[in-house]
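Read the figures in this text as sums done on the coordinates, not as results from a lab. In this text, all values refer to a predicted model and were calculated from it rather than measured experimentally. Positions of Cβ are generated from backbone atoms using ideal geometry, with glycine treated the same way; all protein chains shown enter the neighbour counts.
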Amino acid sequence: MAAGKAGPIALLVALAAAGAFVAGRQSASVPGPAPSPGAPRLAAPAAPAAPVAVEAANIRVCFSPRGGCTDAIVAELDKARESVLIQAYSFTSDRIAKAAVEAQRRGVKVRAVLDKSQRSEKFSELDFLARAGIPTRVDSRHAIAHNKVMVIDGETVITGSFNFTKAAEERNAENLLIIRDKKLAELYAASWREHEEHSEAYAAK
């Protein structure tokens, strides 16, 4: 489904970034409860990024259930030439996992950071990715590592509410954005690397 005119899209991106800035300021100014002894140390809030305007012609949007989001992700992975960075909260889609592994096998540098829940989630693709030789890490720093992101070839960003799961495709109300913009991809890749640094390497069972 095509996006609208460039003006509204750029405005929405700017408003989203502004909202993130306000939320960051508010969360920084209101002290939370003292952590209990032995509680895991959570990461400090990231500094807000500056707004980034993206032309509407560079954006594709999908909605689920059954809106073709999985097909869209697989198609982007099939076109990957150099690199794929994956961040996922829940990753149980065998089609998406297989497409990532196929990319790895044809020489694309694929790396993944998944939420700690994937160690025990039924049907998690964590072991499948790791066994295929994809460097896979587990992010336990946060209450939940809730990002659903891919950065492909340093120029395409896949993001939205859509988890990489069969349920997201077939049963849930979700949205997916595919954005072709190098500047935006650089910001997402930098965020991915920050999470990679504090995540733990995962060895397949």
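Considering the range 76-205, its Cα convex hull presents a mean projected area of 7.2 nm². Taking amide H as placed 1.01 Å from N in the peptide plane, the amide H of E174 sits under 5 Å from that of S64, each at least 5 places away or on another chain.
Give me the number: length gained by fully extending R131 to D94, i.e. 0.36 nm times residue separation minus the C-alpha to C-alpha distance, one decimal in nm.
Working: separation 37, 0.36 × 37 = 13.32 nm, distance 1.40 nm.
Stretched out fully, the R131 to D94 stretch lengthens by 11.9 nm.
Across all Cα atoms of the range 105-179, the radius of gyration (one decimal) and Dmax (whole number) stand at 13.1, 35 Å. Straight-line cross-link reach from K166 at under 28 Å between alpha-carbon atoms covers these lysines, not counting any fewer than eight positions away in the same chain: K79, K98, K109, K116, K122, K148, K205.
Model label points for H142 and N172, set 7 angstrom from Cα along the Cα-to-Cβ axis, are 1.4 nm apart.
A quarter of the convex hull surface defined by the alpha-carbon atoms of the range 154-205 gives 5.1 nm² as the mean projection.
In a reduced charge model with +1 at each Lys and Arg Cβ and -1 at each Asp and Glu Cβ, the range 122-205 shows a dipole moment near 180 debye about its Cα centre.
Place +1 on the Cβ of every Lys and Arg and -1 on the Cβ of every Asp and Glu in the range 78-205, take the dipole about the Cα centre, and give the residue among A167, A145, S83 whose Cα lies farthest towards its positive end. With unit charges placed on the Cβ atoms, the residue in question is S83.
When F63, F162, F91 are sorted by how many other C-beta atoms sit within 10 angstrom of their C-beta, beginning with the fewest, the order is F63, F162, F91. Karplus-derived 3J(HN,Hα) values for the range 188-205, using 6.51 cos²θ - 1.76 cosθ + 1.60 with θ = phi - 60°, are 5, 5, 5, 5, 4, 5, 4, 6, 4, 4, 9, 8, 9, 5, 10, 9, 4, 7 Hz; glycine and proline are entered as x.
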